[in-house]
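Engineer: What follows is a structure written as structure tokens; I'll ask about it next.
Nothing in this text is a laboratory measurement; each read-out follows from the coordinates by a stated rule. Model, not experiment: these values are computed from the prediction. As a convention, Cβ positions derive from the backbone with ideal geometry for all residues, glycine included, and neighbour counts pool all protein chains shown.
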Amino acid sequence: MNAFAGKRIVLGVTGGIAAYKAAELSRLLVKAGATVDVVLTQAGSEFVGAMTFQALTGRPVWQTLWNDRMSHGMAHIDLTRGAAAVLIAPATANVLAKLAHGVCDDLLSILCLARDCPLLVAPAMNRQMWEHPATQRNMALLSRDGVKILGPASGDQACGEVGEGRMLEAKTLFDELYTFFQPKSLAGKRVLLTAGPTFEPIDPVRGLTNSSSGKMGFALAQACAEAGATVTMIAGPVALPTPRNVQRVDVQTSAQMREAVLQNLPGQNVFIGVAAVADYRPKVVSTEKIKKNGEPMTLVLEATSDILGEIAARPDAPFCVGFAAESQNLETYAESKRKAKNLALVVGNLVQDGLGGETNRVTLFDATGAYPLPSAKKIIVARGIVAHLASLMEKLDGKPCGKPRANS
Ligand code: CTP
């Protein structure tokens, strides 16, 4: 993934033990195509040497104001010109205090004051230092100045104490930075989606389910959150980690999923049915474990409610998106589902292309035609779906279904 191609990041490393995570972060950024200029403070260099960052980034490390590497000696100005962002990780209580008050007494603090690009900071310190009113006052000032604050996390600290103040992990910071650069096509929108399979009990130990992995739904929740939406995900039984900035509600049965959707529906702009909801469930659920007797057995099933169909039919329906996983005749089935449920958009895929795997190949069906997306990792496909969804929403003025405006 060349997610950072063409982007130059100035990575400030100050004096905290979490500096070792900055080495991993610079490796991840370089691997994703970024050019990384590391600015290492004196205290930072006590924890990780400049040679480590130089080897990882393939570029010289900046440590002092007083060098002649730039012809006119203006590293404090030139380093941020054309940079996509400055990220300070780890950011100690000291550097945060300096930034909050405009103190500039070394290369990093001066270039932050002189920068014309966004500044992100990843605080890292002992929990008492983090909780101290002085630090909290400084964080409020930085926030007000538009500085993006990443973390800190809570947990075991290098000092042996436990609490808030740990720097976020390198991969989390990488993801945060990636998200920061994503176009915010769903900013201000609220998205509700379902994901994963459902489980319909037969008796206390058995039930009917399906092989949905939940990966596509979770990827879509992540992509919506990256695009600036407030996301609520109603998830069937899957053991996947919750994407960042996504509120998750866990359910088992289709009835619980419907209930959770209805409860969370007010105020939503978009509803996406990604879940493979059971179409049928046992009519009677045995309260006791059913015993075998060697004879054939008949299970009587009854139809479940179609959650997506029900939401899309409401007079106050949000913008509705459905999924159609088919084993054949994709175009015919997906289009008929779109029309039958009155959906603005259907994401169709052949089960052999996506079910359970890490990649997917989908085609998007809306009132204007069919739009195939290339086969890719599910998160990449999810971002493609979000881009299409956002532009379609704009064309349709957010209506749940219908034709694009005449002038679009
Ligand atoms: N869906 C739903 N509630 C259900 C069944 C499906 O919300 N009880 C949603 C799914 O999340 C998906 C879409 O409807 O977005 C799937 O449409 P559907 O016609 O129900 O597909 P299948 O269940 O695969 O039906 P069929 O077996 O007829 O293909």
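Engineer: Around Val48, under 13 Å between beta carbons, what's the net of Lys plus Arg minus Asp minus Glu among the other residues?
Structural biologist: Numbers: positive: Lys21, Arg27; negative: Glu24, Glu46.
So the environment of Val48 carries a net charge of 0.
Engineer: Determine ³J(HN,Hα), in whole Hz, for all residues of the stretch 201-211 in sequence, where each value follows from phi through the Karplus function 6.51 cos²θ - 1.76 cosθ + 1.60 and θ = phi - 60°; x replaces Gly and Pro.
Structural biologist: Once θ is set to phi - 60°, the couplings for the stretch 201-211 become x, 9, 8, x, 10, 10, x, 9, 9, 9, 8 Hz.
Engineer: Put a dot 7 Å past each Cα toward the Cβ at Asp353 and Gln263; how far apart are the dots in nm?
Structural biologist: In this crude label model, Gln263 to Asp353 measures out at 3.6 nm.
Engineer: OK, next. Treat every Asp and Glu Cβ in the chain as -1 and every Lys and Arg Cβ as +1, leave all other atoms uncharged, and give the resulting dipole magnitude about the Cα centre to the nearest 20 debye.
Structural biologist: Around 580 debye, computed over the chain.
Engineer: Gap in Å between the Cα centre of the stretch 231-299 and the Cα centre of the stretch 90-111?
Structural biologist: 50 Å
Engineer: Moving on to the next point. Loop-only GluC sites (Glu not before Pro) in the stretch 204-289, please: DSSP not H, G, I, E or B, and at most 12 other Cβ atoms within 10 Å.
Structural biologist: The qualifying sites are Glu288.
Engineer: While we're here: Full extension from His132 to Gln247: what is 0.36 nm times the residue separation minus their Cα-Cα distance, to one decimal in nm?
Structural biologist: Full extension of this stretch gives 38.5 nm more.
Engineer: Using R₀ = 22 Å, calculate the FRET efficiency as 1/(1 + (r/R₀)^6) where r is the Cβ-Cβ separation of Tyr178 and Leu240; round to 0.05.
Structural biologist: After rounding to 0.05, the efficiency reads 0.70.
Engineer: For Ile17 and Leu299, compute 0.36 nm times the residue count separating them, minus their Cα-Cα distance, and round to one decimal in nm.
Structural biologist: Stretched fully, the Ile17-Leu299 segment lengthens by 95.4 nm.
Engineer: Next question, about the same structure. If I build a Gaussian network model for the chain, linking alpha-carbon pairs within less than 10 angstrom, which residue out of Thr52, Thr194, Thr80 has the largest mean-square fluctuation?
Structural biologist: Highest fluctuation among the options: Thr52.
Engineer: Then there is this: For Trp66 and Thr287, calculate 0.36 nm times their separation in residues minus their Cα-Cα distance, and state this gained length in nm to one decimal. Don't skip to the end; give the middle numbers.
Structural biologist: On the way: separation 221, 0.36 × 221 = 79.56 nm, distance 7.79 nm.
Result for the pair: 71.8 nm of gain on full extension.
Engineer: To the nearest 20 Debye, how big is the dipole of the stretch 190-402 about its Cα centre, given +1 on the beta carbon of each Lys and Arg and -1 on that of each Asp and Glu? Write out the running numbers ahead of the final one.
Structural biologist: Working: 22 positive and 20 negative charges, 60 e Å.
The calculation lands at about 280 debye.
Engineer: In whole Hz and in residue order, list the ³J(HN,Hα) couplings for the stretch 102-111 that follow from phi through the Karplus curve 6.51 cos²θ - 1.76 cosθ + 1.60, θ = phi - 60°; x for Gly and Pro.
Structural biologist: x, 6, 9, 10, 8, 4, 5, 5, 5, 5
Engineer: Return the percentage of antiparallel bridges among DSSP beta bridges fully within the stretch 190-402, rounded to the nearest 5 %.
Structural biologist: The antiparallel fraction comes to roughly 40 percent.
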